[in-house]
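What follows is one structure encoded as structure tokens, with my remarks underneath.
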Amino acid sequence: MAGASSAEFVTYERKGDVALVGLNRPQKRNAISDRFVEEIGLAVAKAQSEAKAAVLFGHGDHFCAGLDLAEHVKKSPIEGVHGSRRWHGVFSGIEHGTIPWISALHGAVVGGGFELAASTHIRVADETAFFALPEGQRGIFVGGGGSVRIARLVGVARMTDLMLTGRVASAEEAERWNIVQYVAPKGTALDKAMALAQTAAGNAEISNYAIINALPRIQDMAKEDGLFVESFIASFTATSPEAEERLNAFLEKRAPRLKAPGSA
Ligand code: 1HE
């Protein structure tokens with residue numbers, strides 16, 4: 001991004017080790033056009049070049065109402081394919097990039113907005129968030145990676161139901177269905193996401209890289225292949241100088257101890 005000011009639809013800010021990327025087209029409920037997805041890609045690249053974790057959120061009353069339908073309706077079939085593949089490129093840059101991404105969700109998390117959220121590593125919903133895949137009602141199909149990512153999160157049966165019926169899920173249902181990992185009170189998802197991002201940013205870089213890049217790949221491998229690959233990643237990360245220092249910090253009682261939830 002040639003400076004945050006050149007972006008029309010995306011805000012960018014860095015707070016310490018954490019980059020904050022905001023979807024900023026509230027008058028169209030953050031519907032994502034071709035230009036918008038390019039700006040998301042530029043912000044992702046900038047965040048990865050200078051931050052250790054990032055937060056994605058929406059300005060206005062909604063996270064994102066999905067694909068810009070006004071732009072999409074004018075596209076030829078091949079333009080639609082190119083557009084979808086561009087979304088895949090940008091969203092894969094989030095999922096399989098170099099830093100963890102936490103999304104803060106509120107209001108509509110719909111269609112392509114849901115797909116965008118699914119490409120982040122941790123999702124925090126506030127109580128106003130609602131989730132839907134209305135593509136069936138619009139006569140289209142998911143095109144931002146949902147058939148792969150959302151299906152893996154909720155399972156094919158649940159996704160089929162969401163798509164066939166246009167069912168709208170609440171934040172609480174989304175947590176039960178494995179769409180989000182946290183539900184926060186209204187208006188607090190961004191603060192919660194920031195706190196989680198700061199925590200993740202404190203991990204060893206190599207561990208974060210392995211967590212976000214190896215876990216989803218291992219999930220797609222046969223069991224024995226996954227176990228084999230895991231051993232090499234485990235050994236590779238454990239023999240880094242940073243791991244040695246962190247392990248010694250624990251052994252020499254310089255690192256804080258884990259505490260049970262609710263304990264002082
Ligand atoms: C849009 C879009 C959009 C709003 N593309 N312009 N997405 C959808 O099917 C759209 C779902 N959107 C909605 O159900 C509602 O807009 C909301 C629940 C999100 C918000 O409702 P509300 O009453 O606050 O706003 P609104 O009046 O519906 O919308 C305000 C404006 O935003 C209006 O434009 P205006 O010029 O009349 O003011 C809407 O037309 C515009 N707007 N959403 C374009 N999505 C890669 S494949 C992904 C496939 C999909 O994403 S399917 C699309 C799912």
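The values are calculated or read from the model by the stated rules, or taken from the named source; none is laboratory data. Just so you know, these numbers come straight off a predicted model, no measurement behind them. Cβ placement follows ideal geometry from the backbone for every residue including glycine, while neighbour counts extend to all protein chains displayed. These area figures cover heavy atoms from the full protein model, side chains too; ligands, DNA and RNA do not enter into them. Shrake-Rupley method; radii C 1.70, N 1.55, O 1.52, S 1.80 Å.
Across the stretch 76-107, which residue is nearest to the ligand (Cβ to nearest atom) among those that are touching a helix residue (DSSP H, G or I) at 6+ places or on another chain (Cβ under 7 Å) and open to solvent by 50 Å² or more (accessible area, probe 1.4 Å)?
It comes out as Arg86.
Scan the stretch 113-129 and give yes if some residue there is touching a Ser or Thr at 6+ places or on another chain (Cβ under 9 Å), surrounded by fewer than 18 Cβ atoms within 10 Å (Cβ to Cβ) and farther than 18 Å from Gly187 by Cα, otherwise no.
No, there is no match, as no residue in the stretch 113-129 is touching a Ser or Thr at 6+ places or on another chain (Cβ under 9 Å), surrounded by fewer than 18 Cβ atoms within 10 Å (Cβ to Cβ) and farther than 18 Å from Gly187 by Cα.
In the stretch 134-173, what count of residues is obtained for those that are small (Gly, Ala, Ser) and either open to solvent by 80 Å² or more (accessible area, probe 1.4 Å) or away from the ligand (no atom under 16 Å from the Cβ) (or both)? Walk me through how you get there before you give the answer.
Restricting attention to the stretch 134-173, the residues satisfying the condition of being small (Gly, Ala, Ser) are 136, 139, 143-147, 151, 155, 157, 166, 169-171.
Right, trim to either open to solvent by 80 Å² or more (accessible area, probe 1.4 Å) or away from the ligand (no atom under 16 Å from the Cβ) (or both) and you get 155, 157.
Looking only at that region, the number is 2.
Quick one: Asn30 ticks every box in (1) closer than 25 Å to Lys186 by Cβ; (2) buried (at least 22 other Cβ atoms within 10 Å of the Cβ); (3) in contact with a Phe, Trp or Tyr (Cβ under 6 Å, 6 or more places away or on another chain) bar one, so which box is it?
(3)
Out of the residues in the stretch 49-66 that are near the ligand (Cβ under 10 Å from one of its atoms) and small (Gly, Ala, Ser), which is surrounded by the fewest Cβ atoms within 10 Å (Cβ to Cβ)? Steps first, please.
Quick first cut of the stretch 49-66, residues near the ligand (Cβ under 10 Å from one of its atoms) only: 60-66.
Adding the requirement that they be small (Gly, Ala, Ser) leaves 60, 65-66.
Numbers: Gly60: 17, Ala65: 23, Gly66: 29.
Applying the filter and picking the extreme gives Gly60.
Among (1) in a strand (DSSP E or B); (2) out of contact with any helix residue (DSSP H, G or I) (no Cβ under 6 Å at 6 or more places or on another chain); (3) not hydroxyl-bearing (Ser, Thr, Tyr), where does Glu71 come up short?
Of the numbered conditions (1) in a strand (DSSP E or B); (2) out of contact with any helix residue (DSSP H, G or I) (no Cβ under 6 Å at 6 or more places or on another chain); (3) not hydroxyl-bearing (Ser, Thr, Tyr), the odd one out for Glu71 is (1).
Of the conditions (1) without any contact (Cβ under 8 Å) to a residue 40 or more places away in the chain; (2) away from the ligand (no atom under 12 Å from the Cβ); (3) of a type in the set (A, V, I, L, M), Ile122 clears all except one; give me its number.
Failing condition for Ile122: (1).
Here's a check for you: in the stretch 206-247, which residue that is of a type outside the set (Asp, Glu) and not in a helix (DSSP H, G or I) is least open to solvent (accessible area, probe 1.4 Å)? Give the steps one after another, and end with the answer.
First, pick out the residues of the stretch 206-247 that are of a type outside the set (Asp, Glu): 206-219, 221-223, 226-229, 231-241, 243, 246-247.
Pick out the ones that are also not in a helix (DSSP H, G or I) and you get 221-222, 239-240.
Values: Met221: 71, Ala222: 58, Thr239: 106, Ser240: 20 Å².
This residue is Ser240.
I need every pair where a residue in the stretch 78-102 that is within 23 Å of Ala47 (Cβ to Cβ) and in the same structural domain as Val55 (by TED's automatic domain parsing) has its Cβ under 7 Å from the Cβ of a residue that is more than 14 Å from the ligand (Cβ to nearest atom) and basic (Lys, Arg), sequence separation at least 6 or different chains.
Short answer, once both residue conditions are applied: Ile99/Lys52.
On the basis of being of a type in the set (A, V, I, L, M) and surrounded by fewer than 16 Cβ atoms within 10 Å (Cβ to Cβ), does Ala45 make the cut?
When the stated conditions are applied, Ala45 passes them.
I'd like to verify a number: residues in the stretch 180-205 that are among the aliphatic types (A, V, I, L, M), outside any helix (DSSP H, G or I) and touching a residue at least 60 places away in the same chain (Cβ under 8 Å), how many?
2
Within the stretch 211-225, can one find any residue that is within 16 Å of the ligand (Cβ to nearest atom) and more than 30 Å from Val81 (Cβ to Cβ)?
Filtering the stretch 211-225 down to residues within 16 Å of the ligand (Cβ to nearest atom) leaves none.
Checked against the condition, which is being within 16 Å of the ligand (Cβ to nearest atom) and more than 30 Å from Val81 (Cβ to Cβ), the stretch 211-225 yields no hits at all.
List the residue pairs whose Cβ atoms are under 9 Å apart, where the first residue sits in the stretch 10-39 and is under 20 Å from Gly80 (Cβ atoms), the second is open to solvent by 10 Å² or more (accessible area, probe 1.4 Å) and among the basic types (Lys, Arg), and the two are 6 or more positions apart or on different chains.
If the second residue must be open to solvent by 10 Å² or more (accessible area, probe 1.4 Å) and among the basic types (Lys, Arg), the pairs left are Ala31/Arg25; Ile32/Arg25; Ser33/Arg25; Asp34/Arg86; Phe36/Arg25; Val37/Arg86; Glu38/Arg86.
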